[in-house]
Structures are given as C-alpha cells and as structure tokens.
Amino acid sequence: MAAQQRLTHIQPEDVTPGPGYSHVVTGTGRLVAVSGQVAIGEDGQLVGPGDPSAQARQVFENLRRCLAAAGLSFNEVIKLTYYVTDVAHLPAVRAVRDEFIDTDRPPASTAVQVVALVRPEFLLEVEAFALAGDGQ
C-alpha cells in the first residue's frame, strides 16, 4: 500500500522496543489531526456505559469515520494519544485498537491517565494524527 511506503517506523538504538507502538514514525505529506473521540454513537448517545471494551470499539469506529472523511485509513495514522480515567482499562483498549491498526507497524502512541474527561461516563478519549499523501 502506498501510504505505508511513505511512512517509516524507526526503532532507535538503545531504546527498548515499545509493546504495541513505535517510538518514531516519520513521513511526508499533509498532516491531518483528528480531535479526541469518545464513545458517542451516531444517535448521540453513550455506547457501553462502564464497559471499556465497548467504549473503545466506538471510539475507534469514530476515529475510522473521521479518517475516512479525510480520505484516509488507520494505515496513515502516525500518532495516537489515549486519555483514560483508569490505566487498568488499557489492556481492553489495546485489544480493540489491534483490530484497527497494523500491529506490525503501529503508530507512535502516548497513554495518559486523567482524573476525568468532559463527561463522567466517558472512560477514554483518543486523538489521532495522520499523514495524507500528495494526492489525498
């Protein structure tokens, strides 16, 4: 796929490989920023109250739709930032994420535990940065 050829995933010397993420992703193209997505369905309602897996699935589906609106897919994502209300949710979030990304060439990532998100029922929020090719 052309998008993957444009991106380079770098494992720096003397830096332990990350489990499920790349330390450095470089590339050329137009930067696309996708705002943090939460578990709100098409009907405007919360999806998966209290369920980190269900919320993660909706979050990643929302990210997929936002990327598609820019003519992109998860193949062009270079960075994901996770905001979670409890780091204990990360295994569930990562399991869902792995259904959407190329686990052999994962994007750079940061996970942050926060005291709260904009609404108390949200367990996570994820934002994405992607690189679009010249013709995208």
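Points worth noting:
- Peptides 93-106, 32-45, 74-87, 9-22 ordered by packing proxy, namely the average of other Cβ atoms within 10 Å per residue, highest first: 74-87, 93-106, 32-45, 9-22.
- Length gained on full extension, Asp14 to Ala88, computed as 0.36 nm times the residue gap minus the Cα-Cα distance: 23.8 nm.
- Considering all different alpha carbon pairs of the chain, the Kirkwood hydrodynamic radius works out to 15.3 Å.
- q = 0.19, 0.24 Å⁻¹, segment 60-127: log10 I(q)/I(0) [Debye, one scatterer per Cα]: -0.77, -1.13
- Note on the chain: with charges restricted to the Cβ of Lys and Arg (+1) and Asp and Glu (-1), its dipole about the Cα centre is near 220 debye.
- Principal semi-axes of the equivalent ellipsoid, √(5λ) from the alpha carbon gyration tensor of segment 1-74, are 29, 18, 9 Å from largest down.
The numbers here are math on the coordinates, done by the rules we state, and not lab data. It should be emphasised that the depicted structure is a prediction, and the values quoted were computed from it without experimental measurement. We place every Cβ from the backbone using ideal geometry, glycine too, and count neighbours over all the protein chains shown.
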